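Asks: I'd like to ask you about the structure that follows.
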Ligand code: PEP
């Protein structure tokens, strides 16, 4: 059975102290209110990972980086390698987020190097894909997203592919308050799963968690997560408030 996953993406928000406070609050609400069959992940800035990891119950809450370097190590000032991320206690790394693709020029070739290094270092990539508004308006979203996957994680071996979590995040819904409808989310998740099945077989496709991301909040999470091919969420803004985040976790 594929896992249900709710992962927060804090982006470039919170000081270390605020981040630890948020993690402690999420941790105590998770302990109190359950969420036992949901994998909860906090995607924090690099600077926070170790402290956040030490502040939460690691059997209930995983910690994720939001990026890692495309090189293993060396003279790459300012970069943080996958091995460094792993050494903090993190178990996950968000890769291919549209903000990284758009603002930092992350191409499929760069992402392939990052995914390979993440996997070599035993980190689970939460691999993002999703179309911009003009592609949605032209009705070409399926071809666009499948191509993003074909150029990247569909190149992996079957055993590596099985370690990936996919996040479908329509760019027009990220941080805009405009959520994909439940039908739009299910349709794309189903298309992604069918493409996975065509490439790796139905059994493999059935085991991969596909998360929805894009203005998911306590009000719309239950409806989105009720879709058969939606296995949780990658949550930006709403993951910065512990109470909102736990309501999303408990939306299943
Ligand atoms: C994200 O950036 O991954 C995201 C889904 O953001 P938001 O929930 O704020 O739209």
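The values are calculated or read from the model by the stated rules, or taken from the named source; none is laboratory data. Note that the structure is predicted; figures quoted are calculated from it, not measured. Backbone-built Cβ (ideal geometry, glycine too); neighbour counts: all protein chains shown.
Asks: Of all helices (runs of 4 or more DSSP H) completely enclosed by region 108-188, which ones contain at least 3 residues that are buried (at least 16 other Cβ atoms within 10 Å of the Cβ) and touching a helix residue (DSSP H, G or I) at 6+ places or on another chain (Cβ under 6 Å)?
Replies: Working: elements: 108-120, 133-137, 141-150, 158-161.
By residue number, 108-120, 141-150.
Asks: Can I ask one more? Return yes or no: is residue 204 within 18 Å of the chain's Cα centre (by Cα) and either away from the ligand (no atom under 14 Å from the Cβ) or at pLDDT 95 or above (or both)? It would help to see each step written out before you state the result.
Replies: Working: within 18 Å of the chain's Cα centre (by Cα): no; either away from the ligand (no atom under 14 Å from the Cβ) or at pLDDT 95 or above (or both): yes.
Answer is no for this residue.
Asks: Output the number of residues of region 175-189 satisfying the condition of being in contact with a strand residue (DSSP E or B) (Cβ under 8 Å, 6 or more places away or on another chain) and either closer than 12 Å to residue 233 by Cβ or free of Cβ contacts under 8 Å to residues at least 12 places away in the same chain (or both).
Replies: 3
Asks: While we're here: Would you point out which residue out of 52, 56, 63 is under 26 Å from residue 173 (Cβ atoms) and buried (at least 20 other Cβ atoms within 10 Å of the Cβ)? Working first, answer last.
Replies: Working: 52 fails: under 26 Å from residue 173 (Cβ atoms); 56 fails: under 26 Å from residue 173 (Cβ atoms).
Residue meeting the stated conditions: 63.
Asks: Can you report the number of residues in region 211-250 which are within 14 Å of the ligand (Cβ to nearest atom), closer than 26 Å to residue 133 by Cβ and not in a helix (DSSP H, G or I)?
Replies: Final tally of qualifying residues: 16.
Asks: While we're looking at this one, here's another question. Got a sec? Which of 135, 126 is closer than 19 Å to residue 174 by Cα and in contact with a strand residue (DSSP E or B) (Cβ under 8 Å, 6 or more places away or on another chain)? Lay out the reasoning, then the answer.
Replies: Working: 135 fails: in contact with a strand residue (DSSP E or B) (Cβ under 8 Å, 6 or more places away or on another chain).
Result: 126 is the single residue among 135, 126 that is closer than 19 Å to residue 174 by Cα and in contact with a strand residue (DSSP E or B) (Cβ under 8 Å, 6 or more places away or on another chain).
Asks: A follow-up question, please. How many residues does region 189-198 hold that are surrounded by fewer than 17 Cβ atoms within 10 Å (Cβ to Cβ) and touching a helix residue (DSSP H, G or I) at 6+ places or on another chain (Cβ under 7 Å)? Step through it out loud before you land on a result.
Replies: Going through region 189-198, the residues surrounded by fewer than 17 Cβ atoms within 10 Å (Cβ to Cβ) turn out to be 190, 194, 197-198.
Checking which are touching a helix residue (DSSP H, G or I) at 6+ places or on another chain (Cβ under 7 Å) leaves us with 197.
Total satisfying the criteria: 1.
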